[in-house]
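**Student:** Would you mind keeping the following structure in view while I ask a few things?
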Amino acid sequence: MTDFTGFTPETIDFLWELRMNNNKAWMEENRERYRTVLKEPFDALSAALTKKFLEKKNVPQMDFSISRINRDVRFSKDKSPYRASRWVVLYDAALQGTAWKERPSFYFELSPESYEHGLGMWCSPSAFLAAYRRKIESNPAAFERMAKKIEKDPLFHLEGRAYKKFKNETLSPLLQAWYPKKDVLLVARGGMEDILFSPELPQFLAEEWSRLKNFYAFLDAIEAE
């Protein structure tokens with residue numbers, strides 16, 4: 001695998017064109033282009049990013065998974081066969097197969113017009129989310145200190161769907177925004193910035209994610225009953 005040297009304008013052009021020509025015939029004509037301007041650079045980024053992040057203090061062993069270009073359209077109204085974006089997730093290396101989907105992970109996603117990155121959990125089972133709520137309730141003061149620090153961060157913002165049925169009015173207004181979450185996402189977004197085209201992108205992301213290590217540790221320690 002070659003070193004990551006930054007994405008190129010051709011990477012972005014390919015994603016735009018794929019969005020406008022999302023069909024099998026176009027993809028077959030551009031398969032080699034896909035490999036050279038998107039797949040190989042993304043593979044190199046993912047390996048470099050994992051290495052850079054593991055150089056940070058108090059970071060557990062991590063593995064990575066990269067999105068496939070093909071979409072699973074079996075249960076979707078959108079029958080477009082391909083993703084016009086690409087993402088990588090970093091997760092606990094002890095997890096097997098697709099178990100990472102139910103646990104917290106760091107992520108980076110590149111789209112034709114922008115990028116985003118951060119920390120999230122998207123497909124956690126109800127037992128895990130119940131344990132998440134119990135952990136907040138067990139020590140709300142400690143969680144509030146952590147949440148306040150994140151709320152003051154100029155880069156990352158809390159997002160994600162929330163359950164309407166789970167409420168705890170004994171918690172502070174701040175914690176009531178975190179408590180009922182179905183998806184817990186700390187997200188940062190950017191446009192077509194110079195860092196995307198730089199070999200320093202893995203270092204940049206690793207530095208930004210290091211600010212979320214404490215919250216990752218909180219989530220990663222949760223054991224569903």
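**Student:** For segment 112-129, check the following and say yes or no: at least one residue is under 24 Å from GLY191 (Cβ atoms) and of a type in the set (Asp, Glu).
**Tutor:** Taking every residue of segment 112-129 in turn, at least one turns out to be under 24 Å from GLY191 (Cβ atoms) and of a type in the set (Asp, Glu).
**Student:** Please find, within segment 6-41, the residue that is surrounded by the fewest Cβ atoms within 10 Å (Cβ to Cβ) out of those that are among the polar types (S, T, N, Q) and outside any loop (DSSP other than H, G, I, E, B).
**Tutor:** If we take residues in segment 6-41 being among the polar types (S, T, N, Q) and outside any loop (DSSP other than H, G, I, E, B), then THR36 is surrounded by the fewest Cβ atoms within 10 Å (Cβ to Cβ).
**Student:** Here's something else I'd like to know. Checking the conditions here, which among GLY120, GLY160 is of a type in the set (Gly, Ala, Ser), on the phi > 0 side of the Ramachandran plot and in contact with a Leu (Cβ under 6 Å, 6 or more places away or on another chain)?
**Tutor:** Being of a type in the set (Gly, Ala, Ser), on the phi > 0 side of the Ramachandran plot and in contact with a Leu (Cβ under 6 Å, 6 or more places away or on another chain) holds for just one of GLY120, GLY160, which is GLY160.
**Student:** Can you find, within segment 198-225, the residue that is surrounded by the most Cβ atoms within 10 Å (Cβ to Cβ) among those that are over 21 Å from ASP153 (Cα atoms) and not acidic (Asp, Glu)?
**Tutor:** The extreme case among them is ILE222.
**Student:** Among SER124, SER172, SER114, which is the only one that is in contact (Cβ under 8 Å) with a residue 12 or more places away in the chain, touching a Gly at 6+ places or on another chain (Cβ under 7 Å) and small (Gly, Ala, Ser)?
**Tutor:** None of the other options fit; the residue is SER114.
**Student:** Of ALA84, ALA94, which residue is among the small types (Gly, Ala, Ser) and either touching a helix residue (DSSP H, G or I) at 6+ places or on another chain (Cβ under 7 Å) or assigned to a helix (DSSP H, G or I) (or both)?
**Tutor:** Unique residue meeting the criteria: ALA84.
**Student:** Also, quick follow-up: Hey, could you check segment 175-197 for residues that are in a loop (DSSP other than H, G, I, E, B) and of a type in the set (Asp, Glu) and say which is least open to solvent (accessible area, probe 1.4 Å)?
**Tutor:** ASP183
**Student:** Follow-up. Do we find a residue being in contact with a Lys or Arg (Cβ under 8 Å, 6 or more places away or on another chain) and assigned to a helix (DSSP H, G or I) anywhere in segment 145-160?
**Tutor:** So far as segment 145-160 goes, no, none of its residues is in contact with a Lys or Arg (Cβ under 8 Å, 6 or more places away or on another chain) and assigned to a helix (DSSP H, G or I).
**Student:** Considering only residues that are open to solvent by 100 Å² or more (accessible area, probe 1.4 Å) and farther than 24 Å from CYS123 by Cα, which ones fall in segment 149-167?
**Tutor:** Across segment 149-167, the qualifying residues are LYS149, LYS152, PRO154.
Each row is one residue, and each column tells you yes or no for (1) among the charged types (D, E, K, R); (2) in contact with a Gly (Cβ under 9 Å, 6 or more places away or on another chain); (3) open to solvent by less than 20 Å² (accessible area, probe 1.4 Å); (4) in contact (Cβ under 8 Å) with a residue 40 or more places away in the chain.
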residue	(1), (2), (3), (4)
ASP43	yes, no, no, yes
LYS56	yes, no, no, yes
ILE66	no, no, no, no
ARG71	yes, no, no, no
LYS79	yes, no, no, no
ARG86	yes, no, yes, yes
GLN96	no, no, no, no
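The values are calculated or read from the model by the stated rules, or taken from the named source; none is laboratory data. Model, not experiment: these values are computed from the prediction. Cβ coordinates were reconstructed from backbone atoms using ideal geometry, including for glycine residues, and neighbour counts include every protein chain displayed. To get the accessible areas, we keep the full protein, side chains included, count just its heavy atoms, and leave off ligands, DNA and RNA. Shrake-Rupley method; radii C 1.70, N 1.55, O 1.52, S 1.80 Å.
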